[in-house]
There are 4 protein chains.
Amino acid sequence: MCRYLAYLGPPVTISELVYKPPNGLVHQASAAMRSLTRINADGFGVGWYAPEISPEPAVFKDTSPVWNNYNLGSIAGKIRSPAIVAHVRAANSYDPVHRENCHPFARGRLLWMHNGDIPGRARLTRQVAQTADDTLLAMIRGNTDTEMALTLFLTHLSDPLAGDLDVDELAAAMRQTLAECVTLHRQAQEERPLELNFCVTDGRALVATRFALPGEASPTLHWRETGPHRDGRSVLVASEPLSDAAGWEEAAPAAMLLVRADRSVESRSLADLA
Amino acid sequence: MCRYLAYLGPPVTISELVYKPPNGLVHQASAAMRSLTRINADGFGVGWYAPEISPEPAVFKDTSPVWNNYNLGSIAGKIRSPAIVAHVRAANSYDPVHRENCHPFARGRLLWMHNGDIPGRARLTRQVAQTADDTLLAMIRGNTDTEMALTLFLTHLSDPLAGDLDVDELAAAMRQTLAECVTLHRQAQEERPLELNFCVTDGRALVATRFALPGEASPTLHWRETGPHRDGRSVLVASEPLSDAAGWEEAAPAAMLLVRADRSVESRSLADLA
Amino acid sequence: MCRYLAYLGPPVTISELVYKPPNGLVHQASAAMRSLTRINADGFGVGWYAPEISPEPAVFKDTSPVWNNYNLGSIAGKIRSPAIVAHVRAANSYDPVHRENCHPFARGRLLWMHNGDIPGRARLTRQVAQTADDTLLAMIRGNTDTEMALTLFLTHLSDPLAGDLDVDELAAAMRQTLAECVTLHRQAQEERPLELNFCVTDGRALVATRFALPGEASPTLHWRETGPHRDGRSVLVASEPLSDAAGWEEAAPAAMLLVRADRSVESRSLADLA
Amino acid sequence: MCRYLAYLGPPVTISELVYKPPNGLVHQASAAMRSLTRINADGFGVGWYAPEISPEPAVFKDTSPVWNNYNLGSIAGKIRSPAIVAHVRAANSYDPVHRENCHPFARGRLLWMHNGDIPGRARLTRQVAQTADDTLLAMIRGNTDTEMALTLFLTHLSDPLAGDLDVDELAAAMRQTLAECVTLHRQAQEERPLELNFCVTDGRALVATRFALPGEASPTLHWRETGPHRDGRSVLVASEPLSDAAGWEEAAPAAMLLVRADRSVESRSLADLA
């Protein structure tokens, strides 16, 4: 299990998401409140966009518990961005803790995170080896289910490493990825739960999912919108609310959230995949 | 490029191989003498056997340059073993530097190291995904050509994770692995050099190779035998001699060295694969 | 807060102390049972003696949570020693997490650990700078209260870096160190608690303390003796029992435990210092 | 020995200083051209200012060779700043390689770097313990000569952790620090060279020194000014030129460079200290 968040809106510092909220990611690393795994101390990562410089994101991730990382502590308050993601990891017993297995994962303009588990690593690896092209295969730098799922996702995009991805295309590829994981899971008559809380963003829009087989295994997912005006509106998607503030919504157990570039939020059902 | 060594003989400390020789691995990390890549500072690893406790090896590897690793500096002089391997790494530009990509790689009773390069990662990954069984696939923890080649090697053993491996079976599997790599290389009409200086040991015997396509690309490989008596005889195989001492032999450019449990050394030609 | 253990007895593997017991240090790292700080994930360390090779100890320590350290996981079962210490750290907010601030600390033949806190770092640093000689001062590699206290301790030994230290001399120096810390604390009218659970060993004997001002702040300390015969007798000192096994004793709140080379245990009161 | 650079001018990305120049810091890490120590692979650091957010700098430093650090590789091109410093370290044999010993060192609004060596650590530690107040003493996080010298420097500022430091005050404190180091060195009749190439900045102005005893031991120091107009003018100070471009000047062997907020450069002699 892990915990993640993703923010789109007027520029804020990374600190305002990770350190300052009462239940910010630093708190969730040692005492997650809505997760069976309370300790998420097997590494962390942040990713952000500086659209005035590049459409590709910056990623800083490391293997330490987020609470004792001095680099993040120093830079988080000095970087302001309109699009930030962050993740704290609780590794399962078979995926090693090294930077390349930490989230988010970057490909082209995209950042990808996962909260959950896809049992059956060999099965997943074979699927990836069969369906991904040479370029995507050679970009794999770790061995997690998350990175394998990302690679599957990219195979469902028309031009995965190019720019100007449409949010509806992201959503369609996400749905196909979940369907593919479900098919693999069922074909293998896998008994362990399949947990697929993914999040992908290109810095302007994002798609996040809450999905598991069986459904009751699904990790939590919440979101919060602020601001009435388009320019000032922000959306924050997070595994669990960062505070007791009003306005936090809980995603349905089998649902996909789409946040468009205008920061409108749409929830689509994934119940047909369950 | 990288540099490695492997020792079989009466117990010695790790220090006697890594720190004390004038051209020990610590020296080779910053100033390798017989390698185009003089700096091998992208991590290191040592592996050793404590046969009185377990047939499986201990592995300590880390991403720092070996010269500034205080843990190795402290423990190397306090561990004595009859079977020790060590490696310093110069990563290519596409394989990340994390512990799980450092050498040696452990599987069951075996330790595996590589000095060289297998171009065409996607090709290699697909071959592994097609030929390895679920158990071997799920053991992959990094993304290097070396670990992929190890997985291919294991598919050529009758019972790869069991004990009591025969050195002739190791040698046969090694030859098959090289042949498989050569076939993949040629089928793809790959133009970059294929460099396959591998080393595998179970703590009693070892097999090491010197092989490349084209042949002149082959990294160096040397060995040295000491002691007239079976009990006191030792064999040291290394990418380059550790000192100016007499007795260092150079392996032929397309050859496989077999060191048996009685520490006799046999060189077999691999010229037919070239 | 932290948790530590120290073992003297017939050789055992590090695994038998760190991984195997139900409440071994790996368990205490994420769920310490007798400590206000349940998570001790800011690094760890092990130290051990190989008396057949050297009177000086080996130390392996790292900044990761002990539970996800693959190096320790690999080597702990392959190293057997008659004298082992181990420590998991919960750093306070002002001492950085880097290897040189992890415990145990090594000087000459000695290993030193601490569970507690000495408030007033500047005060302590000045005391050390005034009383330690050049050699001891130059050996300081981190900035913790623990290493400063170790340096004070060494100033109370007649020949701190030499061999053949007498356990009674260690105990006398320990008492002087505690007295020195108490004096500094009182002179400054420091209001924060002073917590001084130290442990020092030369691989043959050890001295451990349980002491705090005010007394009720003292961290826990326990020990367990096994075996009726001198050769087979072992003593294990630990911040908290490693299991529900019979035989665990709790140290008095202001006490010093002496374990001699024959593994007899003596408890001396430190109540006069309180 | 080490290599450093400091930039003041119109905002540029960190990449433009570290990665892009032919002799950028990444190149100097493995093949410094004007240093006896060609390999500077014992950690690195970057510091930068985001004046629109905070007067205090951000610092990212790590122990890996700069050339294989993926975090820096990812973020360096996405951060643009008008004030950037960077450093690659070649540790001496007695200062451990951990993040807190890497440069730059931050205090309040200041960043501090050093290229050189101050022999006699115990002597320096005592001087610091005697002259620094509790606040400054408690801020020491590592054990290097560099951080001790920084602490001495801060004692010569009227209000070291406050804002709005005047460049002339920085220059005066720098001169006093050098004089203090020279006095300590001479009083001890130290025979090893004293090398004091420091650099301090508050993000608007900077002071850098080239100084050694004996004079011929002084590490190199260069600078380059560009742009005729005040708004577009930049100054780059570096241990060695980053390229063959015209305009690089070499600092005199005993000199202090002052770069003011208007990016005018003044060289003052330190010959009277020699």
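Those residues that are assigned to a loop (DSSP other than H, G, I, E, B) and either touching a residue at least 12 places away in the same chain (Cβ under 8 Å) or over 24 Å from C:I53 (Cα atoms) (or both), I need them from the range B:1-35; list them, please.
So in the range B:1-35, the residues assigned to a loop (DSSP other than H, G, I, E, B) come out as B:1, B:14, B:19-24, B:32-35.
The answer is B:M1, B:I14, B:Y19, B:P21, B:P22, B:N23, B:G24, B:A32, B:M33, B:R34, B:S35.
Select from the range D:224-243 the residues that are farther than 20 Å from D:L36 by Cα and in contact (Cβ under 8 Å) with a residue 40 or more places away in the chain and list them in ascending order. Break it down into steps so the answer makes sense when it comes.
Within the range D:224-243, the first condition is being farther than 20 Å from D:L36 by Cα, and the residues that meet it are D:224-236.
Of everything in the range D:224-243, those that are farther than 20 Å from D:L36 by Cα and in contact (Cβ under 8 Å) with a residue 40 or more places away in the chain turn out to be D:E225, D:T226, D:G227, D:D231, D:G232, D:R233, D:S234, D:V235, D:L236.
Of the residues D:I39, D:I53, D:I14, which is at pLDDT 95 or above, surrounded by 20 or more Cβ atoms within 10 Å (Cβ to Cβ) and among the β-branched types (V, I, T)? I'd like the intermediate steps shown before the answer.
Details: D:I39 fails: at pLDDT 95 or above; D:I53 fails: surrounded by 20 or more Cβ atoms within 10 Å (Cβ to Cβ).
Answer to the selection: D:I14.
Report, ordered by the first and then the second residue, all pairs with beta carbons closer than 9 Å, sequence separation of six or more or different chains, a first member in the range D:140-156 that is of a type in the set (F, W, Y), and a second member that is at pLDDT below 95.
These pairs meet every condition: D:F153/D:P160.
Cβ-Cβ below 7 Å, separation at least six or inter-chain, first residue in the range D:168-179 and at positive phi and at pLDDT below 95, second acidic (D, E) and open to solvent by 10 Å² or more (accessible area, probe 1.4 Å): which pairs?
The qualifying pairs do not exist here.
In the range C:54-75, how many are farther than 21 Å from C:W112 by Cβ, hydrophobic (A, V, I, L, M, F, W, C) and touching a helix residue (DSSP H, G or I) at 6+ places or on another chain (Cβ under 7 Å)?
Looking only at that region, the number is 1.
Give the residues of the range A:136-152 that are part of a helix (DSSP H, G or I) and at the interface with another protein chain (Cβ under 9 Å from one of its Cβ atoms), sorted by residue number. Quick ask: steps written out before the conclusion?
Let us first name the residues in the range A:136-152 that are part of a helix (DSSP H, G or I), namely A:136-138, A:145-152.
Across the range A:136-152, the qualifying residues are A:L136, A:L137, A:A138.
Which of the residues belonging to the range D:120-130 are in contact (Cβ under 8 Å) with a residue 24 or more places away in the chain and either more than 11 Å from every other protein chain (Cβ to nearest Cβ) or assigned to a helix (DSSP H, G or I) (or both)? Talk me through it step by step, then tell me what you get.
Taking the range D:120-130 as the starting set, the residues that turn out to be in contact (Cβ under 8 Å) with a residue 24 or more places away in the chain are D:120-121, D:123-124, D:127-128.
D:R121, D:R123, D:L124, D:Q127, D:V128 - these are the residues of the range D:120-130 that are in contact (Cβ under 8 Å) with a residue 24 or more places away in the chain and either more than 11 Å from every other protein chain (Cβ to nearest Cβ) or assigned to a helix (DSSP H, G or I) (or both).
Can you confirm whether the range C:65-79 contains a residue that is closer than 24 Å to C:E240 by Cβ and assigned to a strand (DSSP E or B)?
no
I'd like the residue in the range D:146-179 that is in contact with a His (Cβ under 8 Å, 6 or more places away or on another chain) and open to solvent by 10 Å² or more (accessible area, probe 1.4 Å) and, out of all such residues, is nearest to D:V207 (Cα to Cα).
In this case the residue turns out to be D:A172.
Let me spell it out: the conditions are (1) away from chain C (no Cβ under 14 Å); (2) within 15 Å of the chain's Cα centre (by Cα), and D:G43 meets all of them except one. Which number is the exception?
(1)
Return the residue satisfying two criteria in turn: it lies in the range A:46-78 and is more than 20 Å from the chain's Cα centre (by Cα) and among the aliphatic types (A, V, I, L, M), and of such residues it is nearest to A:L17 (Cα to Cα).
A:I75
Could you figure out which of (1) more than 28 Å from D:N68 (Cβ to Cβ); (2) within 10 Å of another protein chain (Cβ to nearest Cβ); (3) in a helix (DSSP H, G or I) isn't true of A:E52?
(3)
For a quick check of your reading: which strands (runs of 3 or more DSSP E) sit entirely within the range C:183-264 and have at least 1 residues that are open to solvent by less than 30 Å² (accessible area, probe 1.4 Å) and of a type outside the set (G, A, S)?
Numbers: elements: C:194-201, C:206-210, C:222-226, C:234-238, C:248-250, C:255-259.
Strands (runs of 3 or more DSSP E) meeting the threshold: C:194-201, C:206-210, C:222-226, C:234-238, C:255-259.
It is to be established whether one or more residues within the range B:84-99 are assigned to a helix (DSSP H, G or I) and more than 8 Å from chain A (Cβ to nearest Cβ). Explain how you work it out, then say what you get.
Going residue by residue through the range B:84-99, those that are assigned to a helix (DSSP H, G or I) are B:99.
Imposing the further condition that a residue be more than 8 Å from chain A (Cβ to nearest Cβ) reduces the set to none.
Within the range B:84-99, not a single residue is assigned to a helix (DSSP H, G or I) and more than 8 Å from chain A (Cβ to nearest Cβ).
Residues to consider are D:D117, D:D133; find the one that is among the acidic types (D, E), within 9 Å of chain C (Cβ to nearest Cβ) and surrounded by fewer than 23 Cβ atoms within 10 Å (Cβ to Cβ).
Details: D:D117 fails: within 9 Å of chain C (Cβ to nearest Cβ).
D:D133 is the lone residue from the list that is among the acidic types (D, E), within 9 Å of chain C (Cβ to nearest Cβ) and surrounded by fewer than 23 Cβ atoms within 10 Å (Cβ to Cβ).
From A:Y19, A:Y7, which residue is open to solvent by 10 Å² or more (accessible area, probe 1.4 Å), within 23 Å of D:L72 (Cβ to Cβ), away from chain B (no Cβ under 14 Å) and of a type in the set (S, T, Y)?
Numbers: A:Y7 fails: within 23 Å of D:L72 (Cβ to Cβ).
Exactly one residue qualifies, and that residue is A:Y19.
Go through the range B:65-76 and report how many residues are open to solvent by 20 Å² or more (accessible area, probe 1.4 Å) and within 10 Å of chain C (Cβ to nearest Cβ). Talk me through it step by step, then tell me what you get.
Within the range B:65-76, the first condition is being open to solvent by 20 Å² or more (accessible area, probe 1.4 Å), and the residues that meet it are B:67, B:70, B:73-74.
Retained after the next criterion (residues that are within 10 Å of chain C (Cβ to nearest Cβ)): B:70, B:73-74.
The total comes to 3.
Would you be able to tell me the number of residues in the range C:189-247 that are among the aliphatic types (A, V, I, L, M) and touching a Cys at 6+ places or on another chain (Cβ under 8 Å)?
6
Within the range D:100-114, work out how many residues are surrounded by fewer than 22 Cβ atoms within 10 Å (Cβ to Cβ) and either in a helix (DSSP H, G or I) or of a type outside the set (K, R) (or both).
Matching residues across the range D:100-114 total 2.
The values are calculated or read from the model by the stated rules, or taken from the named source; none is laboratory data. On a predicted model such as this, the values are computed, not experimentally measured, just so you know. Quick reminder, even Gly has a Cβ in these numbers, built from the backbone with ideal geometry, and neighbours come from all protein chains shown. Side chains included, ligands, DNA and RNA excluded: accessible areas come from the protein's heavy atoms. Shrake-Rupley method; radii C 1.70, N 1.55, O 1.52, S 1.80 Å.
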